[in-house]
1. What do you reckon, is Ile206 of a type outside the set (Ser, Thr, Tyr), farther than 30 Å from Gly338 by Cα and assigned to a helix (DSSP H, G or I)?
2. Report yes if Glu323 is closer than 18 Å to Pro405 by Cα and among the acidic types (Asp, Glu), otherwise no.
3. Condition first: touching a strand residue (DSSP E or B) at 6+ places or on another chain (Cβ under 7 Å), within 21 Å of Leu313 (Cβ to Cβ) and surrounded by fewer than 24 Cβ atoms within 10 Å (Cβ to Cβ). Can you find one or more residues in segment 196-215 that meet it?
4. Return the pairs, sorted by first residue and then second, in which the second residue is among the aromatic types (Phe, Trp, Tyr) and part of a strand (DSSP E or B), the first residue lies in segment 305-333 and is under 14 Å from Gly292 (Cα atoms), the beta carbons are less than 7 Å apart, and the residues are 6+ apart or on different chains.
5. Quick check, is Ala318 more than 30 Å from Gln113 (Cα to Cα), hydrophobic (A, V, I, L, M, F, W, C), touching a strand residue (DSSP E or B) at 6+ places or on another chain (Cβ under 7 Å) and surrounded by fewer than 20 Cβ atoms within 10 Å (Cβ to Cβ)?
6. Across segment 390-429, what is the total count of residues that are assigned to a helix (DSSP H, G or I) and touching a Leu at 6+ places or on another chain (Cβ under 7 Å)?
7. In this structure, is Gly173 surrounded by 15 or more Cβ atoms within 10 Å (Cβ to Cβ), touching a residue at least 60 places away in the same chain (Cβ under 8 Å) and closer than 26 Å to Met276 by Cβ?
8. Which of the following residues is at pLDDT 95 or above, aliphatic (A, V, I, L, M), in contact with an Asp or Glu (Cβ under 7 Å, 6 or more places away or on another chain) and surrounded by 17 or more Cβ atoms within 10 Å (Cβ to Cβ): Ala295, Ala277, Ala305?
Amino acid sequence: MKKKLVAVLMSSVLAMSLAACGGGETTSTDNQGEQQTQQAKQEQQPAEQQAEQPAGDEQVEITITHFNIEEQRAETADYDGFYTMLEEWQAQHPDVKITQSVLATADYETKIQAQAAVGDMPDLFCVKGSWFKNFVASDLLAPMSGAIDSYEHKDAFREGVFDAATVGDEIYGVPIQFSVSSLVYYNAPMWEEIGYSEFPTTWDEIYDAVDKFNEKGITPFSLGNLDKWPAESCILSALGDRYTGNEWTNNIIANNGQSSFTDPEFVSALEHLQNMAQSGAFNADFNTSPTGPAAELYNQGQAAAMINGFWSLANINANATEEVKANTKIAVLPTVDGGKGAANSTSGGCGWYMGMAPQEDSAKAALVEDLLMHLGGYEYSVFLTEKYGLVAPSVVEGVDVSTFPPATQEYIKLMQDVQLTPIYDILMDASVIEVMNSDVQELMNGSKDAQTVAAEIQAELESIGK
């Protein structure tokens, strides 16, 4: 089993040099290399605030590999939350050396999969939901059930947040991102100018708007799909559910043979996505543009809308023009005729987790575990909710939202009634998503049809476990 997993992981590494998922929006690519940093020592805290320190004079080092690029902290809520929690913990543990390896999301996925293939893992690292089964089978993750059960704020965690991180009876990760991966950010006055006082509720209206915007020389929807994951995670995850409904998706995740990617409903979703691309709904360079420049089209008023995840909120608030900030409204994709999915729904749930590698030293293990619970615990959710108004892994009540930027208030209002559906690339098998992401890119540029794409994704699903 482990030999096969190593082979699979190595083949994935060769094939996914540009693969990425979910995570905070990357608005620049200047920081793609590793950053090795050691946090400065600060004033010693009382002993009762610290986890047990290993005996001896040797300084304890904790290694962390992640994708929270510090230069993008001001515009990405997750990143800001991560560094705030890390700095707090470091201040309480000045004698612990923390060494970070920080990469952009696409590079992070490649690096961590390569390390997994040879069993060389840092103490703490980010884990996507679809990775847990394979990582646990290869003994790359330590169970966290005991730490979570004894955590004083365990009851604040949202229902279902540990589902993807649970293998057997054990939990192997702590959520660091509660992700809503598909939201329509739109410039309301621009849509009003072409006759829509609200965001369209039918796809006929969407295509009518696409034609009108193109006639005016305005990009209808900005999209940066260079890294392959955005079209799948931000559009297809929600659009697919419109056609198939939740039961189909859960059958695929379970790989129980009761649903197939070649089912007519999913093929129709693929055809729909291809039609969006061919109708001129996106910027002409959508398949070669990174996410950052595509987002700037919307931020600077050159695109009427964009379909992206919750992480774009911080991006808009930090980088958009004042006019775009004031005019931004948020919606979800329209329903489809005859579809099985719920009308007021979108793809969401726990996006990324942080896991801990097995530790030989029990005292160091206690420190690493303590740091992990701080990075993804209740205080982290409080920070994200109170500063950014985000739906976080833990429930935080009594937050005054009136002081938040307009787009953030729109998001909070929308999420009060929206039903969340599974995010494909968080819960489906990683090898299936790798095929899906690549094929969807080809689908959208017209080099493959929907039936071929569906058959290739299904073939990969059926190969799992053989």
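The values are calculated or read from the model by the stated rules, or taken from the named source; none is laboratory data. Everything numeric here is computed off the predicted structure, so don't read it as measured data. So basically every Cβ, Gly included, is an ideal-geometry build from the backbone, and we count neighbours across all protein chains shown.
1. Details: of a type outside the set (Ser, Thr, Tyr): yes; farther than 30 Å from Gly338 by Cα: no; assigned to a helix (DSSP H, G or I): yes.
When the stated conditions are applied, Ile206 does not pass them.
2. Working: closer than 18 Å to Pro405 by Cα: yes; among the acidic types (Asp, Glu): yes.
Answer is yes for this residue.
3. Checking segment 196-215: at least one residue is touching a strand residue (DSSP E or B) at 6+ places or on another chain (Cβ under 7 Å), within 21 Å of Leu313 (Cβ to Cβ) and surrounded by fewer than 24 Cβ atoms within 10 Å (Cβ to Cβ).
4. Once the first residue is under 14 Å from Gly292 (Cα atoms) and sits in segment 305-333, its partners that are among the aromatic types (Phe, Trp, Tyr) and part of a strand (DSSP E or B) give Met306/Tyr185; Met306/Phe221; Ile307/Phe221; Asn308/Tyr185; Ser312/Tyr185; Ile316/Tyr185.
5. Values: more than 30 Å from Gln113 (Cα to Cα): yes; hydrophobic (A, V, I, L, M, F, W, C): yes; touching a strand residue (DSSP E or B) at 6+ places or on another chain (Cβ under 7 Å): no; surrounded by fewer than 20 Cβ atoms within 10 Å (Cβ to Cβ): yes.
Against the criterion (more than 30 Å from Gln113 (Cα to Cα), hydrophobic (A, V, I, L, M, F, W, C), touching a strand residue (DSSP E or B) at 6+ places or on another chain (Cβ under 7 Å) and surrounded by fewer than 20 Cβ atoms within 10 Å (Cβ to Cβ)), Ala318 does not qualify.
6. First pass over segment 390-429, keeping only residues assigned to a helix (DSSP H, G or I): 406-415, 424-427.
Next, from what is left, pick out any that are touching a Leu at 6+ places or on another chain (Cβ under 7 Å): 407-408, 411, 424.
Of the residues in that region, 4 qualify.
7. On the way: surrounded by 15 or more Cβ atoms within 10 Å (Cβ to Cβ): yes; touching a residue at least 60 places away in the same chain (Cβ under 8 Å): yes; closer than 26 Å to Met276 by Cβ: no.
No; evaluated as a whole, the condition is false for this residue.
8. Details: Ala277 fails: in contact with an Asp or Glu (Cβ under 7 Å, 6 or more places away or on another chain); Ala305 fails: in contact with an Asp or Glu (Cβ under 7 Å, 6 or more places away or on another chain).
After ruling out the rest, the residue left standing is Ala295.
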